[in-house]
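Chemist: This is the structure I have questions about; it appears just below.
The values are calculated or read from the model by the stated rules, or taken from the named source; none is laboratory data. This one's a predicted model, so the numbers in the text were calculated from it and none came from an experiment. Cβ coordinates were reconstructed from backbone atoms using ideal geometry, including for glycine residues, and neighbour counts include every protein chain displayed.
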């Protein structure tokens with residue numbers, strides 16, 4: 001099972017595409033958003049999509065995707081508070097042998113230097129008990145020429161074994 005943290009509409013399009021063949025759980029802290037998406041016409045009768053605000057459900061996922069906003073501060077520095085908060089929520093529920101994938105737009109080093117240590121607060125060790133990967137978000141809202149089905153998705157794992165489940169080869 002995959003789990004997404006933060007269900008903004010951009011991520012929701014990805015979930016809608018992947019859910020055709022995978023069990024997908026969306027996690028968000030916004031109860032109104034969860035109700036709206038759960039009751040939307042496109043989700044009625046969909047047995048592969050589960051939307052929740054229950055952090056404990058993150059522990060059911062084999063793959064956890066962090067896809068949260070990364071705004072910039074007044075001094076034009078990346079504000080990683082949402083990435084850090086999502087990693088904290090995941091660390092409290094991280095499952096052995098899972099893969100955490102950072103999809104938020106972040107600068108090089110964030111996965112290893114910021115997210116990994118937060119996830120290790122779980123007591124699990126990266127590389128031994130869980131793995132990390134990075135896959136930058138590649139969707140440009142409103143761009144029909146470069147729609148989701150037409151873009152190449154880049155995935156980088158901490159090792160070849162980590163990247164393999166996401167590779168077309």
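Chemist: Among (1) more than 16 Å from residue 67 (Cα to Cα); (2) touching a strand residue (DSSP E or B) at 6+ places or on another chain (Cβ under 8 Å); (3) surrounded by 14 or more Cβ atoms within 10 Å (Cβ to Cβ), there is one condition residue 96 misses while meeting the rest; what is its number?
Modeler: (3)
Chemist: Output yes when any residue across region 18-32 is part of a helix (DSSP H, G or I) and either within 21 Å of residue 126 (Cα to Cα) or at pLDDT 80 or above (or both), and no when none is.
Modeler: The answer is yes, given that some residue of region 18-32 is part of a helix (DSSP H, G or I) and either within 21 Å of residue 126 (Cα to Cα) or at pLDDT 80 or above (or both).
Chemist: Another question, if that's okay. Out of all the residues in region 156-167, is one or more surrounded by 15 or more Cβ atoms within 10 Å (Cβ to Cβ) and either at pLDDT 95 or above or within 13 Å of the chain's Cα centre (by Cα) (or both)?
Modeler: No, region 156-167 contains no residue that is surrounded by 15 or more Cβ atoms within 10 Å (Cβ to Cβ) and either at pLDDT 95 or above or within 13 Å of the chain's Cα centre (by Cα) (or both).
Chemist: Please verify whether residue 91 is modelled with pLDDT under 90 and touching a helix residue (DSSP H, G or I) at 6+ places or on another chain (Cβ under 6 Å), treating the condition exactly as stated.
Modeler: Here the answer is no, as residue 91 does not meet what is asked.
Chemist: Just the residues that are outside any loop (DSSP other than H, G, I, E, B), without any contact (Cβ under 8 Å) to a residue 60 or more places away in the chain and over 20 Å from residue 156 (Cα atoms), please, taken from region 85-109.
Modeler: Hits for region 85-109 are 85, 88, 91.
Chemist: Scan region 55-70 and give yes if some residue there is in a helix (DSSP H, G or I) and buried (at least 18 other Cβ atoms within 10 Å of the Cβ), otherwise no.
Modeler: Checking region 55-70: at least one residue is in a helix (DSSP H, G or I) and buried (at least 18 other Cβ atoms within 10 Å of the Cβ).
Chemist: Report yes if residue 112 is modelled with pLDDT of 90 or more, assigned to a loop (DSSP other than H, G, I, E, B) and over 25 Å from residue 28 (Cβ atoms), otherwise no.
Modeler: It is false that residue 112 is modelled with pLDDT of 90 or more, assigned to a loop (DSSP other than H, G, I, E, B) and over 25 Å from residue 28 (Cβ atoms).
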